[in-house]
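J.: After the structure tokens below, expect a handful of questions from me.
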Protein chains: 4
Amino acid sequence: MAHRVQIVGATGYGGLGILELLLAHPDFEVTSLIARDEAGRRIDEVYPHLHGRTDLTVDSVETTPVGTNCDVVVFSTPDGVSQGYAAALADAGMRFIDYSGDFRFASTDDYAKYAARHPSIADEAHGAEALLGRAAYGVSELNPEGVAAAPIVGNPGCFAVGIILGLAPLFQDGLVGDEGIVAVDGLTGSSGAGKKPAPLQHLSHLNDNVIPYRVLSHQHVVEADLTLGRLGKANGAQVDFIPHLLGTTRGILNTMHLRLTQSASREGLLERYREYFADAPFVRVLDTPPTLKGTLGSNYCDISVFVEGNRAVVMSSIDNLMKGQSGSAMQNLNLMFGSAQTAGLDRTPLYP
Amino acid sequence: MAHRVQIVGATGYGGLGILELLLAHPDFEVTSLIARDEAGRRIDEVYPHLHGRTDLTVDSVETTPVGTNCDVVVFSTPDGVSQGYAAALADAGMRFIDYSGDFRFASTDDYAKYAARHPSIADEAHGAEALLGRAAYGVSELNPEGVAAAPIVGNPGCFAVGIILGLAPLFQDGLVGDEGIVAVDGLTGSSGAGKKPAPLQHLSHLNDNVIPYRVLSHQHVVEADLTLGRLGKANGAQVDFIPHLLGTTRGILNTMHLRLTQSASREGLLERYREYFADAPFVRVLDTPPTLKGTLGSNYCDISVFVEGNRAVVMSSIDNLMKGQSGSAMQNLNLMFGSAQTAGLDRTPLYP
Amino acid sequence: MAHRVQIVGATGYGGLGILELLLAHPDFEVTSLIARDEAGRRIDEVYPHLHGRTDLTVDSVETTPVGTNCDVVVFSTPDGVSQGYAAALADAGMRFIDYSGDFRFASTDDYAKYAARHPSIADEAHGAEALLGRAAYGVSELNPEGVAAAPIVGNPGCFAVGIILGLAPLFQDGLVGDEGIVAVDGLTGSSGAGKKPAPLQHLSHLNDNVIPYRVLSHQHVVEADLTLGRLGKANGAQVDFIPHLLGTTRGILNTMHLRLTQSASREGLLERYREYFADAPFVRVLDTPPTLKGTLGSNYCDISVFVEGNRAVVMSSIDNLMKGQSGSAMQNLNLMFGSAQTAGLDRTPLYP
Amino acid sequence: MAHRVQIVGATGYGGLGILELLLAHPDFEVTSLIARDEAGRRIDEVYPHLHGRTDLTVDSVETTPVGTNCDVVVFSTPDGVSQGYAAALADAGMRFIDYSGDFRFASTDDYAKYAARHPSIADEAHGAEALLGRAAYGVSELNPEGVAAAPIVGNPGCFAVGIILGLAPLFQDGLVGDEGIVAVDGLTGSSGAGKKPAPLQHLSHLNDNVIPYRVLSHQHVVEADLTLGRLGKANGAQVDFIPHLLGTTRGILNTMHLRLTQSASREGLLERYREYFADAPFVRVLDTPPTLKGTLGSNYCDISVFVEGNRAVVMSSIDNLMKGQSGSAMQNLNLMFGSAQTAGLDRTPLYP
């Protein structure tokens, strides 16, 4: 019997993404869509490309409370929202995944570092501190057993997924020098910012443009620093991150520069990466540089490494709405409910 | 001595466009920028690409009333705004150009047809009826003497410019059959909708997309119908117009299908077009189909004509922010103040 | 047991498209990839986005002759190629689908009209005349039984699919006046021209551009004219077609203007369209104008109709590489081998 | 009297760029266009956007030898071409500018480092060694007097311009630690690769894509390393450079990560940059991150600096066809012939 899923925040791109994946999944069933803004409308009116794919209607949280008629809740909501529902859900034994930073951190100290960088939640205490320790951080590849067992999964930030997967083998092996400093230029499509109209995402401004923003201050870096810095032989990490907004819709390509603690050959590193990700069905280690479109519409993370003397450059490509968001959530749901990791996610990237 | 210009609505794309043209013009000087939203900020803070080009600061209409310290006012404002200032300006002998539909029509009857199609002004009476007869419609090529002499110029709608110039020779000669019906597909970049964030112009929605809108109901068609239908031997016109929003920033390409009243050769029609526009420095009659980028950043209107039996297809390309807006306004200002039509407008399109 | 498919011309976008669909299809298996240019290379080297999806290697026709080890051949090849193999395949009882114009026409007369418009084959006689009568024209919706039974299917041209589906109900009912003349502006992404580098498809030229081409002379119109003009009460059709190349990769949006023989309401026409396509799982009749991205990556054809007096405008949107090419081929293969039409094609469009 | 210019390689984007600038320049006149491929055609047939702007026809070098009827030659040609003409021109006292790497290096040793990275010229000896010492490297801001006096100017590589201007103040002051290592991610539009159709620049492949290439091996880095490493207190430079091809036409944005030898405040560095470029009319030091479109169509180089502890990030934006190529060439021609640096270059970026 299909596992029943409720999506909260169903009308944003995150809600749309997981809805589409679940509609095509043999083991899951979407029982309700909750959203603040479009309650009462059919979801295929909100998103006409869904015409004929589903009859679901958007409900308000007043008519369909969070946790109703489901086995798991997916929160595709801003920071701070799921915190408010967490205790009640936990008490009821209901599992949930959250897309925001609410449950990505194992302690209030870690969370505080993140919150400090996030204008909308700076200086606010976490609303469900006691549950932080029960949440698993959802970069599926790093902790599949943890995710499988967790009552709560904190789905990772889109930039963090590509950075963490791209650097994990090197931090694991203690190969990153300079006290773990990595210079990262992240290139992202506009969809990571959601569908709300805003000056930065206005086509006349962004089309054909590249716009660096939150220079050295993006909040996703906190989870990358904490996660990478605690892997294996790692002893801290510090990602100097410059996000660049591109005039395209989907995709994140991270280019990461670092100094190795010991010399290594490119072939040796690629081999190590392939070994490290041997059981990860969505990580592809390539001989050639990954491209943004090489992962479009799929759940893949494509990675390659280049070396010059004691310096290495790692590049990773993901679809920010798939592996960077709903694809990771689907992968985590698969882990949580015992399906194959690839169930419902076995998609070739859309090319050309 | 330079003619002094005040720009009202200076922080939109229309205000920006005429500001840039005037800053580079030998005969004009911008003395003030008026806007509601950014008063007190330097215009190069609002638009960083202007850094180093001007020291002008945006004023509110409270501190710098409309008509202050200038020889002419350019209203780059929504429908209904200039109507409110028109009488006072006319009384003071101040000339002005308006970008909206307020002064594009010679009579209240004509204006009513336009207003009926325009959600924001439907059913509102014109606020300066008495002045309609003193305004010239500013498709510069059709009426250069009228524009030169007029105290008020109604700058044309962006779609209308390309449609009117593309069809004028045929209507002039009475060559359009089917009672003047022309089927027009207009393709436009996003900038015609201005800089205000909106769902239709969100990059994630519009990038790589084509979105037909206001199907058979766009308000610009009214001025095209009225203007074309009264040219030379014409006896009415009816443009069936489908605007299509493209995922690009600038440019309008209109493809126009019609039936000829009498057979004609392609060569003959091209020759007639060249003759008709012999004195129009910005109309280029091409042997090949015009392209959208072929006029980018310039004031050109590129036109070509194709014939199949008794049916003709005319295509025209303009930059919607230049010939479709500020370029036409600059050309009209040149006419009004006795400069050469091409003064300040002698620009090669930006290619590639 | 899976039906075995050989793809000839496997390294172009058409071959890639059907390969991807077949790899994900439960009822089919790709047994060989034939191509001239990349023989000996793995297909995931040619297309890195396929990394991990298949181990297939490209063969030359010398090492793997056409028709080897398969139940059906898909020719994704230029005009003229499949003609040369057709007789041998027919003799061997091997069915095939062809993407070119070789088998879209039921008679040499019809084919001659098409060939006359096609520079590369003008004035060449068809190489397998005797087989034309055994081929079915593969707009699946118009002739599903014919396709199911045919030994040869002529897969339709990308523009033709959208035009024919958009206009079929009106021609069927004899509603198109003006002797069947329809003015059509087609907007297409670059991928229809294939992957071969060419000046028109160079990004620096095409990005942000709109380029009309083959004005009133595109060869796809011939199959639209012939097909529509013979439907139900229709008495000939003449599509005045202007293709416009856009600076985007995928998708075709056709806007079609025509005069009705009798007045009709918009609601009535939409109702008629819904009835006409009641059994067509991939045609969606929308209340709102279709958009280019609304069908991206899917096999849908989205259609809407608008009416003004006795004039109608029909718009249709398809993904040119799916419903316009490989998706239709897959749908036809499903019909030919008794699978559900939607098998392997049940995909939501990629949005945003 | 206007200085007469001959353009060799006139039909590429580089030749087109300098032609357009010279046509609008009061002090220069183009007397001939030389190219191999389009000899005999009007240049406005090759580039229809030039319709009405010039009557010039493309000549072959056979009919119009290099150096004919001119005061200066601009070579917009591949590596190796101008070397062959250099001696004859020098003997005749004819000055020239070259767009390739032929005259960017002061010694054969330096040139050899560059040539080694360049597939088409690797292992070839320079054809005019004796003249290397008489050429000035044409980053105008670093050496205006040298350029003004030089008989030969080696116009810089597009990536090098943005990297050198962005880092010059720091290297000048000896502030770059880590032995001068700088990690640079360069983002570029497609036009830097010229107009020749190629797989990488095919719209279907590049649109919406990001494609890293020549990872850590791009030849432009050699001139950046040599130039920066010899500035003021600098003691060598090593740029770890990853170029990324974007799906847009124009522009280069470089993001550059380095470690400072001593702590510095952001304000202090910005102030130093403003002082350093006080006499450079085309360098704009911004408080906010530069954007790609912020310099489009102009000769500006926009720069900003950010600091975190002892680490700095510098970003610079140029139009690769202007400041990165023809704009720099025009600026150098102005210096060589005594015009103001800004003559013919006083253009506002095209925005939106």
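J.: Under 5 Å between amide hydrogens, which residues at least 5 positions from A:H3 or on another chain qualify, with H placed 1.01 Å from N in the peptide plane?
T.: The list, which skips near neighbours in sequence, is A:F28, A:E29.
J.: Report relative contact order for chain A in percent, whole number only (criteria: Cα-Cα under 8 Å, sequence separation at least 6).
T.: Once normalised by length, the contact order is 17 percent.
J.: Follow-up. Using the Cα gyration tensor of the protein assembly as shown, with a ≥ b ≥ c the square roots of its eigenvalues, what is the shape: rounded (a/c below 1.5), prolate (a/b larger than b/c) or oblate (neither)?
T.: Here the protein assembly as shown falls in the rounded category.
J.: Another question, if that's okay. For C:K113, which inter-copy label distances result when the label point lies 7 Å beyond Cα on the Cα-to-Cβ vector, reported in nm to one decimal and in ascending order?
T.: 3.9, 6.9, 7.2
J.: Related question: How much net charge surrounds A:A340 when only other residues with a Cβ under 13 Å from its Cβ are counted (Lys, Arg +1; Asp, Glu -1)?
T.: Value of the local net charge: -3.
J.: Starting from the Cα of B:K323, draw a straight line to each of the aspartates and glutamates and keep only those under 17 Å, dropping any in the same chain fewer than 8 residues away.
T.: In chain and number order, the partners are B:E20, B:D98, B:E141, B:E223, B:D279, B:D302, B:D346.
J.: Counting only other residues whose beta carbon sits under 12 Å from that of A:K195, what net charge do I get with K and R as +1, D and E as -1?
T.: That works out to -1.
J.: Another question, if that's okay. Step through the residues of region D:292-299 one at a time and calculate ³J(HN,Hα) from phi using the Karplus curve (6.51 cos²θ - 1.76 cosθ + 1.60, θ = phi - 60°), rounding each to whole Hz and writing x for Gly and Pro.
T.: Working through the residues one at a time gives 4, 6, x, 10, 3, x, 10, 9 Hz.
J.: Here's a follow-up. Output the 0 to 90 degree angle, nearest 10, between the alpha-carbon long axis of helix D:266-276 and the longest principal axis computed from the alpha carbons of chain D.
T.: Approximately 30 degrees, to the nearest 10.
J.: Relative to the other copies, what are the label-point distances for A:T63, with labels 7 Å from Cα along the C-beta vector, expressed in nm at one decimal and sorted shortest first?
T.: So the distances to the same position in the other copies read 5.1, 6.2, 7.7 nm.
J.: Sorted from fewest to most neighbouring beta carbons within 10 Å, what does the list C:L23, D:L170, D:L89 look like?
T.: C:L23, D:L89, D:L170
J.: While we're on this one: Under 5 Å between amide H atoms, partner at least 5 residues away or on a different chain: which partners does C:D59 have, H built in plane at 1.01 Å?
T.: C:L33, C:I34, C:A35, C:G40
J.: How large is ³J(HN,Hα) for each residue in region A:3-14, as worked out from phi by the Karplus curve 6.51 cos²θ - 1.76 cosθ + 1.60 (θ = phi - 60°), to whole Hz, x for Gly and Pro?
T.: These are the phi-based 3J(HN,Hα) values: 6, 8, 10, 10, 10, 9, x, 6, 9, x, 5, x Hz.
J.: For region A:168-236 and region D:266-319, what is the centre-to-centre distance using only Cα atoms, to the nearest Å?
T.: If we compute the Cα centre of each part, the gap is 22 Å.
J.: Would you mind ranking C:K293, B:K113, D:K323 so that the residue whose beta carbon has the fewest other beta carbons within 10 Å leads the list?
T.: Sorted ascending by nearby Cβ count, the order is B:K113, C:K293, D:K323.
J.: Among residues other than D:H205 whose Cβ falls under 13 Å from its Cβ, what is the net charge (Lys/Arg +1, Asp/Glu -1)?
T.: Every neighbour counted, the sum reads +3.
J.: Follow-up question, since we're still on this one. Looking at region C:159-320, what % of its DSSP beta bridges pair antiparallel, to the nearest 5?
T.: Roughly 70 percent of the DSSP beta bridges within region C:159-320 come out antiparallel.
J.: Taking neighbour Cβ counts within 10 Å as the exposure measure, how do A:I164, A:I211 sort from fewest upward?
T.: Lowest count first: A:I211, A:I164.
J.: Within chain A, which is the longest segment that contains none of the GluC sites (Glu not before Pro) sitting in a DSSP loop with at most 14 other Cβ atoms within 10 Å?
T.: Of all site-free stretches, the longest is A:125-352.
J.: Okay, next question. What is the antiparallel percent of DSSP beta bridges lying wholly in chain C, to the nearest 5?
T.: Taking every DSSP beta bridge with both residues in chain C, the antiparallel ones total about 45 percent.
J.: Also: For A:T248, what residues show an amide H to amide H distance below 5 Å, using hydrogens built from the backbone and excluding near sequence neighbours?
T.: Amide H neighbours of A:T248: A:S190.
J.: Between B:T342 and the same site in the other copies, what are the distances in nm, shortest first, taking label points 7 Å from Cα along the C-beta direction?
T.: Here B:T342 shows inter-copy label distances of 2.5, 6.2, 6.5 nm.
J.: Here's another thing I want to ask about it. For A:293-303, what's the mean count of beta carbons from other chains sitting within 10 Å of each residue's beta carbon?
T.: Mean inter-chain Cβ contacts per residue within 10 Å come to 4.
The numbers here are math on the coordinates, done by the rules we state, and not lab data. All values derive from a computational prediction rather than experimental measurement. Here Cβ is always computed from backbone atoms with ideal geometry, including for glycine, and neighbour counts include all displayed protein chains.
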